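The values are calculated or read from the model by the stated rules, or taken from the named source; none is laboratory data. This is a predicted model, so every value here is computed, not measured. Don't worry about glycine lacking a Cβ; one is built from the backbone with ideal geometry, like all the others, and counts go over all protein chains shown.
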Amino acid sequence: SSSPTRHYAITLLPGDGIGPEVVSVAKKVLQRAGSVEGIHFDFQEMPMGGAALDLTGVPLPKETLEAARSSDAVLLGAIGGYKWDKNEKHVKPETGLLQLREGLKVFANLRPASVLPQLVDASTLKKEVAEGVDLMVVRELTGGIYFGKPRGFSTNDNGEEIGFNTEVYASHEIDRIARVAFETARKRRGKLCSVDKANVLEASMLWRRRVTEIALEYPDIELTHMYVDNASMQLVRFPKQFDVIVTNNIFGDILSDEASMITGSIGMLPSASLGENGPGLFEPIHGSAPDIAGQDKANPLATILSAAMLLKYGLGEQDAAERIETAVLNTLDRGFRTGDIYSDGNIMVGCTEMGEQVLRAVDSEA
Ligand code: ATP
Ligand code: MG
């Protein structure tokens, strides 16, 4: 592109297990795609998770959160592992992730689930159903029943113990997630399906009313509504009907996992968590995979595709994002596969080599 060099500060949080392996590969891909597109990145690497616990005694040091807050975007690897799980008395590395999401005020979680033509056999669905699936779940992340009050344990009139939670949504919380979803649909195929339980739940009735109201700002987007029970069925019956799905915290938790299992490729799936103004948080959906850590076996593509989401949704650098996505597809077309997505007739490679092949593909597009 002809515009002058753009500069961005990126915080890298490699974390634990395979995190450092996949983040180091994704960093190189960002650098290479950036240099072709006239983008300069300043990377700052900070400790987080178990690595930070060992170093400083807390999973999210103040300095790490500060660095993340003052940067333009954050790329995270993975958090946790056996080493810290067995220690019951201590803080878990994963609490650092919750603190980070809270600290960055990221209320919108974007999880794409695509069945790539090269990996259609990995899908848990029949080929005819899986082929061409390309959808995105936009989940509200900081409200709803996971946070609503009152909550707790008590006793009912019969003296029996009860547990209770409350689903609460304020209009502004629905409006802002709806806007993120409409904007997302605009960057994709222009279709949005809002999922709720408005036939039963008041919070859902408000949800549907607000989403319908916000839709007036987006006349170019085709909006539909679906009850969550039907949506979970439609996801496995005919997933191709969806472009963007927007839903509340608990329904999104469930539907995004359902959608990711359709693809069958955990090592391929990225995510983005966005706030109002501040930096977004971008990370693969997989965990730290301690069973393969340190062996150069991890699939770096989920993190590379998270870097592409960072460009598209975090920085508005659509061209650079597409350059990376195209390079990933090209690398799969040339037959390169890590162990998790390997099938007969392909070329088995490790994490580093997969990264080198994506870099080659980025170069060959230039
Ligand atoms: P979490 O840490 O989020 O609770 P988990 O510990 O249940 O998740 P993961 O760490 O994601 O799960 O690993 C689940 C399985 O998938 C493991 O066998 C792991 O080796 C494999 N896996 C996860 N990510 C990758 C990857 N990027 N490349 C290859 N295999 C992976
Ligand atoms: Mg794990």
Note to self: So in the stretch 1-50, with the set limited to residues that are β-branched (Val, Ile, Thr) and more than 16 Å from ligand 2 (Cβ to nearest atom), which one is farthest from Leu65 (Cα to Cα)?
What the structure shows: Val36
Check: Does the stretch 12-27 contain at least one residue that is of a type in the set (Ser, Thr, Tyr) and either surrounded by fewer than 17 Cβ atoms within 10 Å (Cβ to Cβ) or more than 20 Å from the chain's Cα centre (by Cα) (or both)?
Finding: no
Item checked: Scan of the stretch 271-328 for residues that are touching a helix residue (DSSP H, G or I) at 6+ places or on another chain (Cβ under 7 Å) and within 16 Å of ligand 2 (Cβ to nearest atom), ordered by number -> Ser271, Glu283, Pro284, Ile285, His286, Ser288, Pro290, Lys297, Ala298, Asn299, Ala302, Thr303
Notebook entry, point to check: From the set of residues in the stretch 70-83 that are surrounded by fewer than 20 Cβ atoms within 10 Å (Cβ to Cβ) and either more than 10 Å from ligand 2 (Cβ to nearest atom) or of a type in the set (A, V, I, L, M) (or both), which is farthest from Tyr8 (Cα to Cα)?
Noted result: Lys83
Notebook entry, point to check: Can you name every residue in the stretch 9-30 that is assigned to a loop (DSSP other than H, G, I, E, B) and among the β-branched types (Val, Ile, Thr)?
Noted result: Ile18
Margin query: Pairs please, first residue from the stretch 119-133 and under 21 Å from Gly339 (Cα atoms) and surrounded by fewer than 13 Cβ atoms within 10 Å (Cβ to Cβ), second anywhere and modelled with pLDDT under 95 and hydroxyl-bearing (Ser, Thr, Tyr), Cβ atoms under 7 Å, 6+ apart in sequence or on different chains.
Written below: Asp121/Ser343
Check: Mind checking which residues of the stretch 134-161 are touching a residue at least 60 places away in the same chain (Cβ under 8 Å) and of a type in the set (S, T, N, Q)?
Finding: Thr142
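Look through the stretch 53-69, keep the residues that are in contact with a helix residue (DSSP H, G or I) (Cβ under 6 Å, 6 or more places away or on another chain) and not in a helix (DSSP H, G or I), and return whichever of them is nearest to ligand 2 (Cβ to nearest atom).
Among those that are in contact with a helix residue (DSSP H, G or I) (Cβ under 6 Å, 6 or more places away or on another chain) and not in a helix (DSSP H, G or I), it is Pro59.
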Notebook entry, point to check: Which of the residues belonging to the stretch 340-366 are surrounded by 15 or more Cβ atoms within 10 Å (Cβ to Cβ), of a type in the set (Gly, Ala, Ser) and farther than 29 Å from Thr5 by Cβ?
Noted result: Gly350
Item checked: Test: Ile214 is touching a helix residue (DSSP H, G or I) at 6+ places or on another chain (Cβ under 8 Å) and assigned to a helix (DSSP H, G or I) -> yes
Note to self: Condition first: part of a loop (DSSP other than H, G, I, E, B) and in contact with a Gly (Cβ under 8 Å, 6 or more places away or on another chain). Now tell me which residues in the stretch 265-290 satisfy that.
What the structure shows: Pro279, His286, Gly287, Ser288, Ala289, Pro290
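Suppose we filter the stretch 70-84 for residues that are within 16 Å of ligand 1 (Cβ to nearest atom) and outside any strand (DSSP E or B); how many remain? Reasoning before the result, please.
Just the residues of the stretch 70-84 that are within 16 Å of ligand 1 (Cβ to nearest atom), to begin with: 75-84.
Narrowing further to those that are outside any strand (DSSP E or B): 79-84.
Count: 6.
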Item checked: Given (1) touching a Pro at 6+ places or on another chain (Cβ under 8 Å); (2) in a loop (DSSP other than H, G, I, E, B); (3) β-branched (Val, Ile, Thr), number of the condition Ile262 does not satisfy -> (2)
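Per-residue answers, yes or no, for (1) out of contact with any Gly (no Cβ under 8 Å at 6 or more places or on another chain); (2) more than 16 Å from ligand 1 (Cβ to nearest atom):
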{"site": "Thr303", "(1), (2)": "no, no"}
{"site": "Ala307", "(1), (2)": "yes, no"}
{"site": "Asp344", "(1), (2)": "yes, yes"}
{"site": "Gly350", "(1), (2)": "yes, no"}
{"site": "Glu356", "(1), (2)": "yes, yes"}
